[in-house]
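Bear in mind that the values in this text are calculations on the coordinates, not laboratory data. What you see is a predicted model, and the numbers here were worked out from it, not measured in a lab. Positions of Cβ are generated from backbone atoms using ideal geometry, with glycine treated the same way; all protein chains shown enter the neighbour counts.
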Amino acid sequence: MPGSAERHHELAGLLAGPVDQVAPRLLGAVLRHGDVAVRLTEVEAYAGPADPGSHAYRGMTRRNATMFGPAAHLYCYFTYGMHVCCNVVTGGEGDPSAVLLRAGEVVAGIEVARERRPGSTDRDLARGPARLCRALGIALDHDGTDLAVGPILLEPGEPPATCSTGPRVGLRGAPDRPWRFWVTGHPTVSTYRPAKARTPRTTA
């Protein structure tokens, strides 16, 4: 296995450039944690202060601070107060762009992933961002992990023959930006859902 310096060099090349160009390069890459490895089949790009859909749109907070650090680190956050989702930071210091890892195929450690996701079909083990984290055993305290050093590693992989692009899932900010990328026709890709319209409050 290559050393951390070589892995840093590999990831620097993979993650260099505007986030909407970087995101599709992650399709086919493998995220590995312990015995479990997931090949990525669906991702979304987020461009920081230039992107109303990004957690970093309004600046740095305690929650999103990892996004403002160096590339090739893992940004983890809670959603709905119960699920963890993870992103690969792609920008340089102070340039908080990141790629949300939406779905993948378990390619190693499937028995461990099944134990973490009891009752799931193999197709659905990592189909969706929270499920992907659960299958890999990624928790909120993995926020800031250096993906070249571990314990969670990002390994460049064979790019897919074809990929598709469309709007990101469930966003009110910049909902039409086609920054969701997925392996065309792959069964592990999650279902697209637009954002729900907000009901205006009425006054008595």
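Summary of values
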item	result
Alpha-carbon centroids, region 1-55 and region 100-146: separation in whole Å	16 Å
For region 107-171: span of alpha carbons on each principal axis (Å, largest first)	32, 31, 29
Whole-percent pair-distance distribution, where bins are 5 Å wide, for the alpha carbons of region 29-109	3, 16, 23, 25, 17, 11, 4, 1
Rounded if a/c under 1.5, otherwise prolate or oblate - region 11-51, Cα gyration tensor axes	prolate
Percent RCO, i.e. relative contact order, over region 1-123, from Cα pairs under 8 Å lying at least 6 residues apart	26 percent
3J(HN,Hα) from dihedral phi, region 71-76, Karplus parametrisation 6.51/-1.76/1.60, rounded to Hz, x for glycine, proline	5, 6, 10, 9, 9, 10
Structure-based [θ]222 nm, the chain - -39500 (n - 2.57) summed over DSSP H runs of at least 4, per residue, nearest 500	-4000 deg cm²/dmol
Amide proton proximity set for residue 104, modelled H, under 5 Å, gap of 5+	41, 126, 127, 128
Space enclosed by the convex hull of the alpha-carbon atoms of region 50-204, per residue, Å³	156 Å³
Backbone HN-Hα couplings from phi across region 48-63 [Karplus 6.51/-1.76/1.60, Hz, Gly and Pro as x]	x, x, 8, 9, x, x, 8, 4, 8, 4, 9, x, 7, 9, 4, 5
Sequence-distant residues sharing a close amide H with residue 69 (under 5 Å, placed H)	94
Assigned charges on the beta-carbon of Lys, Arg, Asp, Glu; region 1-147 dipole about Cα centre (debye)	380 debye
Model label zone, residue 62; criterion: amide N under 15 Å from point 7 Å along Cα-to-beta-carbon; scope region 133-154	141
